[in-house]
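> First the structure, then my questions, so here it is.
The numbers here are math on the coordinates, done by the rules we state, and not lab data. Just so we're clear, the structure is a prediction, and the values are computed from it rather than from any experiment. Quick reminder, even Gly has a Cβ in these numbers, built from the backbone with ideal geometry, and neighbours come from all protein chains shown.
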Amino acid sequence: MDSQADQNLPATASTTAPKPAGAVVEAAPDPPVNKMRRRIVWATIAGALTTFFLMFVRFFLPRSILEPSSSFRIGAPADYAIGVDTKWQQQYRIWVTRTSDRLFVIYARCTHLGCTPDWKASENKFKCPCHGSGYDSEGINFEGPAPRPMDRAKVSIDAEGQIVVDTGTLYEWPKGAKSEFDEDGAFLRV
């Protein structure tokens, strides 16, 4: 009965001939790989690593602050008439003041809160627009909340006869202390 039953059944995998032991089984091919997606991911990773490396290198490089020089020339003493000259106020934040016997440079900074006062020629005084401090033509405070006179910059004459101003060295007159306005470098004799 078994042999007759086997003959009536259609041929199936179990009834087909067995495969040899060393034969290669072929499977369906893999779906195509999206190579563009892989390239984008690798490019993003490479870009991020490059950015991190550049930031790391930049951390160790020196920083430089570009500021104007604190020492500069403003011309010959004969270029200035008696009174206050405001021509350098915008560029260097100074006023050149000449009296009958001296020439000195006032650093244009209010001693109250550091604002830049305005020269009022009609009133012959400096007036701070922030809180109303008033200074005479030599920078000495006489009204308002300013605690002391404005500072003076160091002045000297170079070999060519030009006035050299150094705002890195300031002469001051602290409240209740001795004035530095009569020291060498605080003024020029004219």
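> Please report H112, H131 as a ranked list, fewest other C-beta atoms within 10 angstrom at the top and most at the bottom.
In order of increasing Cβ crowding within 10 Å: H131, H112.
> Using the alpha-carbon centroid of each, what span in Å lies between the range 117-190 and the range 45-84?
The range 117-190 and the range 45-84 have Cα centres separated by 28 Å.
> A further question follows. Take every Cα pair under 8 Å in the range 71-189 that's 6+ residues apart, average their separations, divide by the length, and report that relative contact order as a whole percent.
It comes to 24 percent, rounded to a whole number.
> For the chain, would you read off the P(r) tail past 23 Å as a percentage of all alpha carbon pairs?
The proportion of pairs with Cα distances above 23 Å equals 64 percent.
> Hey, fewest Cβ within 10 Å first, where do V41, V24 land in order? Kindly include the intermediate steps, with their values, before the conclusion.
Working: V41 10, V24 6.
By the 10 Å Cβ count, ascending, the order reads V24, V41.
> Just rank V57, V96, V84, V25, fewest to most, by other beta-carbon atoms within 10 angstrom. Walk me through the intermediate numbers first.
Values: V57 9, V96 25, V84 20, V25 5.
Going from sparsest to densest Cβ surroundings: V25, V57, V84, V96.
> On a 22 Å Cα-Cα criterion, which of the cross-link pairs K87/K127; K120/K178; K87/K178; K87/K175; K127/K175; K120/K154 come out too long?
K120/K178; K87/K178; K87/K175; K120/K154
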